[in-house]
């Protein structure tokens, strides 16, 4: 369901909606774009307003269009089956879909996205009974998808595939904890142009991140080029008392990166692999 | 000058330049900060129509035989005006253009020096190649398509990996490449004759420093720079001339506050937005353009330090 839209459809969409309009028509244009995206990604199933149940926290004006922090707050009592984040006007609007498993302790999630032009961000939660709940914010930023990769390419290549996990200092079994997973990867969008070679740097990005705790799924993320370099997720996990937090990330060249840290309760955390 | 360019590609580029760049223009005002060392001071501002993109310092050094150009300004036209300023001061010719780093406000005037070899950090070519198209588009948005017309293709003829000396005739310049700091391609130029150090953007004065590299690396580079036996420096942004090494102090303080502030937020488990809201707030009144750059500096430094 959350597959890529067919390229022809996407190209058509971009042509239809790139026609410059007057400022007064911006809202109408945004709504028209969302109509198309909704049909593309949610198969014309009704998408309701989420109201207070889901909220997006993102800077109204981004400081770095290639690294826009986005937090999706989901009302703790609402346990979603999946949550999708869309950057409406990006070349590939669907940034990520997160599917939550039994070791998830809540559906709120934080990540970082690229923003190519002034755009709406949509978060769409899928409830256990199959309803879609949507919320939206507007973000002012531009150039994030074609922005030059990494400030220090040598360091980035040396670090490629390294995974870092951050956990609270103390964990108690059955009590929700915030965890952070970072995957070092240039996440090349395919839209970054090299002026000397006169070519676009090929797309090369993390397309899947699976996180398990004590053998049970916390979340499975399908990720795309709208996610910033060094994909970064903050989420809630339910520690099981022992076991480990395992991360498996896969990129578009078929490389798999894995990392595991113990979920020892009560012990001081750090990241032993670092 | 055109006969120096043997490649067809270069010839084509020159024709293009001839079509878009003015043959002459009002020379840029320059100040002689030391004998034979001339500096044009850019505005402390973001590139905008009211400053015509003239927002970075640039200069030239005159030896007994030749001239070295250090940075060329933010548009091809500023490069032409710098060339005119050189011609107005000396009949000796530029033999080298030195780019202190990749940023467009320092390199887009290169177009006016088509036949002159360009020296830069060994990382400069790749770094600028990856960014030039984005920089060009941004300049066209800021100043109009005309200002961005005629930007020269990326060219670094003399890559500097560590240190290179240039003899202008009874005058040795020392070009030094640094590890990642302000960017991953920072280079300084030291005129031994007068003890004048062109820092490029390794030194910001008054203008808040901009981190497009690595804040902790920059602090280490400051420790190294401090030992350069200069008597004065020409910062990339700020006055044409500042005292050395005292002018480093404010920037070191800012970067230290930035790094320590981000580390505190990370230690407390905070996110980027918490850091952006608070870090280095106490520095706000001490710098120009604080709001334009500090949030980005915090964002970049957060993404750097969270891997520690």
Within the stretch A:79-102, the residues that are assigned to a loop (DSSP other than H, G, I, E, B) and either out of contact with any helix residue (DSSP H, G or I) (no Cβ under 6 Å at 6 or more places or on another chain) or at pLDDT below 95 (or both) are A:79, A:89, A:90, A:91, A:92, A:101, A:102
The residue that is farthest from the chain's Cα centre (by Cα), considering only those in the stretch A:108-138 that are away from chain B (no Cβ under 14 Å) and outside any strand (DSSP E or B), is A:129
Exercise for the section: Scan the stretch B:43-50 and give yes if some residue there is within 27 Å of residue B:148 (Cα to Cα), surrounded by fewer than 24 Cβ atoms within 10 Å (Cβ to Cβ) and in contact with a strand residue (DSSP E or B) (Cβ under 7 Å, 6 or more places away or on another chain), otherwise no. Expected result: yes
Selection from the stretch B:225-273 of residues within 14 Å of chain A (Cβ to nearest Cβ), in a helix (DSSP H, G or I) and surrounded by fewer than 16 Cβ atoms within 10 Å (Cβ to Cβ) yields B:267
Flag if residue A:105 is over 16 Å from the mean Cα position of the chain (by Cα) and in a strand (DSSP E or B): yes
- Query: Taking the stated definitions as given, is residue A:157 at pLDDT below 95 and either within 24 Å of residue A:65 (Cβ to Cβ) or crowded, with 21+ Cβ neighbours inside 10 Å (or both)?
  - Reply: yes
When the stretch A:166-185 is checked residue by residue, the ones that are away from chain B (no Cβ under 12 Å) and in a strand (DSSP E or B) are none
Condition set out of contact with any helix residue (DSSP H, G or I) (no Cβ under 9 Å at 6 or more places or on another chain) and facing chain A (nearest Cβ under 8 Å), scope the stretch B:120-133, selection surrounded by the fewest Cβ atoms within 10 Å (Cβ to Cβ): answer is B:133
I'd like to check something: does the stretch B:205-224 contain any residue that is modelled with pLDDT of 95 or more and in a strand (DSSP E or B)?
yes
Taking the stretch A:186-210 and keeping residues more than 13 Å from chain B (Cβ to nearest Cβ) and either in a loop (DSSP other than H, G, I, E, B) or over 14 Å from the mean Cα position of the chain (by Cα) (or both) leaves A:190, A:202, A:203, A:204, A:205
Those residues of the stretch A:211-236 which are within 14 Å of chain B (Cβ to nearest Cβ) and outside any loop (DSSP other than H, G, I, E, B) amount to A:227, A:232, A:233, A:234, A:235, A:236
When the stretch B:206-215 is checked residue by residue, the ones that are crowded, with 21+ Cβ neighbours inside 10 Å and either in contact with a strand residue (DSSP E or B) (Cβ under 6 Å, 6 or more places away or on another chain) or closer than 23 Å to residue A:153 by Cβ (or both) are B:207, B:209, B:211, B:212, B:213, B:214, B:215
With the structure loaded, tell me whether residue B:84 is away from chain A (no Cβ under 14 Å), farther than 21 Å from residue B:158 by Cα and touching a residue at least 12 places away in the same chain (Cβ under 8 Å) or whether it fails that test. yes
With the condition kept exactly as written, say whether any residue in the stretch A:232-240 is at pLDDT below 95 and farther than 23 Å from residue B:270 by Cα. yes
Over the stretch A:139-154, the set of residues within 21 Å of the chain's Cα centre (by Cα) and either free of Cβ contacts under 8 Å to residues at least 60 places away in the same chain or crowded, with 16+ Cβ neighbours inside 10 Å (or both) is A:139, A:141, A:142, A:143, A:144, A:145, A:146, A:147, A:148, A:149, A:150
Reported set for the stretch B:190-201 where residues are in contact (Cβ under 8 Å) with a residue 40 or more places away in the chain and away from every other protein chain (no Cβ under 14 Å) is B:190, B:191, B:193, B:194, B:195, B:196, B:197, B:198, B:199, B:200
Filtering the stretch B:137-165 down to residues that are buried (at least 16 other Cβ atoms within 10 Å of the Cβ), within 14 Å of another protein chain (Cβ to nearest Cβ) and either without any contact (Cβ under 8 Å) to a residue 60 or more places away in the chain or over 22 Å from residue A:147 (Cα atoms) (or both) yields B:138, B:154, B:155, B:156, B:159
Per the list (1) in contact with a helix residue (DSSP H, G or I) (Cβ under 6 Å, 6 or more places away or on another chain); (2) crowded, with 21+ Cβ neighbours inside 10 Å; (3) without any contact (Cβ under 8 Å) to a residue 60 or more places away in the chain, residue check on residue B:219 breaks on (2)
Subset of the stretch B:280-308, residues within 13 Å of chain A (Cβ to nearest Cβ), under 18 Å from residue A:61 (Cβ atoms) and surrounded by 14 or more Cβ atoms within 10 Å (Cβ to Cβ), comes to B:290, B:292, B:293, B:294, B:295, B:296, B:297, B:298, B:299, B:300, B:302
Filter the stretch B:95-119 for residues that are touching a helix residue (DSSP H, G or I) at 6+ places or on another chain (Cβ under 6 Å), outside any helix (DSSP H, G or I) and farther than 18 Å from residue B:201 by Cβ; the one that is nearest to the other protein chains (Cβ to nearest Cβ) is B:114
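The values are calculated or read from the model by the stated rules, or taken from the named source; none is laboratory data. Just so we're clear, the structure is a prediction, and the values are computed from it rather than from any experiment. No Cβ is skipped: glycine too gets one built from the backbone with ideal geometry, and neighbour counts run over all protein chains shown.
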